[in-house]
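Asks: Here it is: the structure, laid out below.
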Amino acid sequence: MDKRQKRLIKQIEGLRKQAEKHKEKLKTKKGKKDTTHDYWKAEIEEYERQADEKEEILKKLKRGKS
């Protein structure tokens with residue numbers, strides 16, 4: 001596995017972890033001025049979208065290496 005693949009895997013893991021943190025905030029915390037539930041929902045969607053994009057890139061890299 002080359003450096004780019006390792007980096008992508010770490011980025012995907014980090015994005016998924018951030019999405020989970022925001023999901024937990026939605027369940028347990030009450031929103032304040034700039035941290036409303038809508039904000040957290042939008043952040044979750046963005047993190048998951050970025051992770052999905054990076055997974056597609058990783059799949060293409062793996063297919064190219066085979």
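Asks: Could you grab me the full set of residues in the stretch 1-35 that are outside any helix (DSSP H, G or I) and at pLDDT 85 or above?
Replies: Across the stretch 1-35, the qualifying residue is only D2.
Asks: I need the full set of residues from the stretch 36-53 which are over 21 Å from K10 (Cβ atoms) and assigned to a helix (DSSP H, G or I), in order please. Don't jump to the end; show me each part of the working.
Replies: Start the filter on the stretch 36-53 by keeping residues that are over 21 Å from K10 (Cβ atoms), which leaves 36-42, 45.
If the condition is that a residue be over 21 Å from K10 (Cβ atoms) and assigned to a helix (DSSP H, G or I), then H37, D38, Y39, W40, K41, A42, E45 are the ones that fit.
For (1) loosely packed, with under 14 Cβ neighbours inside 10 Å; (2) under 15 Å from K54 (Cα atoms); (3) polar (S, T, N, Q); (4) more than 13 Å from the chain's Cα centre (by Cα), each residue gets a yes or a no:
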{"position": "K10", "(1), (2), (3), (4)": "yes, yes, no, no"}
{"position": "K23", "(1), (2), (3), (4)": "no, no, no, no"}
{"position": "K27", "(1), (2), (3), (4)": "yes, no, no, yes"}
{"position": "E43", "(1), (2), (3), (4)": "no, no, no, no"}
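Asks: Looking at the stretch 45-61 only, could you name the residues that are basic (K, R) and exposed (fewer than 13 other Cβ atoms within 10 Å of the Cβ)?
Replies: Kept after step one, since they are basic (K, R), are these residues of the stretch 45-61: 49, 54, 59-60.
Matches in the stretch 45-61: R49, K59, K60.
The values are calculated or read from the model by the stated rules, or taken from the named source; none is laboratory data. The structure presented is a predicted model; accordingly, all values stated were derived computationally and were not measured. Glycine gets a Cβ as well: all are built from the backbone with ideal geometry, and neighbour counts include every protein chain shown.
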